[in-house]
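Enquirer: Dropping a structure here in structure tokens format, bear with me for questions.
Every number here is computed from the coordinates shown, using simple stated rules; none is lab data. Here the structure is a predicted model, which is why all the values come from computation and not from measurement. FYI the Cβ positions are ideal-geometry reconstructions off the backbone, even for glycines, and counts take in every protein chain you see.
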Amino acid sequence: MFTGLIERVGEVESVRQSAAGRELRIRAPFDDLVAGESIAVNGACLTVRSFGEGWFEAAAVTTTLERTTIGDWKTGTRLNIERALRANDRLGGHIVQGHVDCVGVVVEREVLGDALLIDVSVPPSMEPLFVLHGSIAVDGVSLTVNDIKPRALQLSLIDYTLRHTTLGDLRPGSRVHVEADVIAKHVRRLLEPYLRETTALNSVTDFSLEH
């Protein structure tokens, strides 16, 4: 589990294909990693396979590649990195699982006063999971939904976030990992049977009224 508070900005040093999947060597200034630990890289939970002074390696399998932008990463790609939450750590952001729900696309970028506004398009199926001023993770960064537009979310990025993450690099067309609040996902799952029942009842009622 993670919090969405980025510890370091790392950089892809090399990429290769192996039996383990798409293997990435990432430069990051950690000196106490452990083989097998979970680490969030742009919000995608990966496993540390090996490590050395100032670097670690992780691999992404086919399923992960299909659901993320990892297949686009190449030498020099900058990445937001967060290590897993300790039980006694402060939960300064929100609960982030490192499970990417969808890949969003930046559609607009606007500077407004001391904030950078970023609009990210998301699939319609994701929209019920977002609420105004609720939590969202974008490329692993815990953020607040600033506005909800038709098929897009607006994020307001402050100076600290721009200086300590890669989000300041986003431009229209940039693809990003989006993870909805896990609480919203569980609530929607619990309500699904009732929503289906209501939809079916409304369909029967509409049919009766028409005939």
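Enquirer: What FRET efficiency would be calculated for the residue pair residue 18, residue 88, taking the C-beta separation as r and a Förster radius of 41 Å, to the nearest 0.05?
Expert: 0.65
Enquirer: Right, next: Where Rh is the Kirkwood radius over the Cα pairs of segment 102-187, the temperature 20 °C and the viscosity 1.002 mPa s, what D in µm²/s does Stokes-Einstein return?
Expert: Translational D for this selection: 167 µm²/s.
Enquirer: Now a separate question. Please compute the Cα-Cα pair-distance distribution of the chain with 5 Å bins starting at 0, giving whole percents from short to long.
Expert: Going from the shortest bin to the longest, the percentages are 1, 7, 14, 18, 18, 14, 11, 7, 4, 3, 2, 1, 1, 0, 0.
Enquirer: When only alpha-carbon atoms count, how far does segment 8-83 stretch along each of its three principal axes, as whole angstroms with the largest first?
Expert: 31, 22, 20
Enquirer: Given only helices, namely DSSP H runs of n ≥ 4 each adding -39500 (n - 2.57), what is the per-residue ellipticity at 222 nm of the chain, to the nearest 500 deg cm²/dmol?
Expert: Computed mean residue ellipticity for the chain: -6000 deg cm²/dmol.
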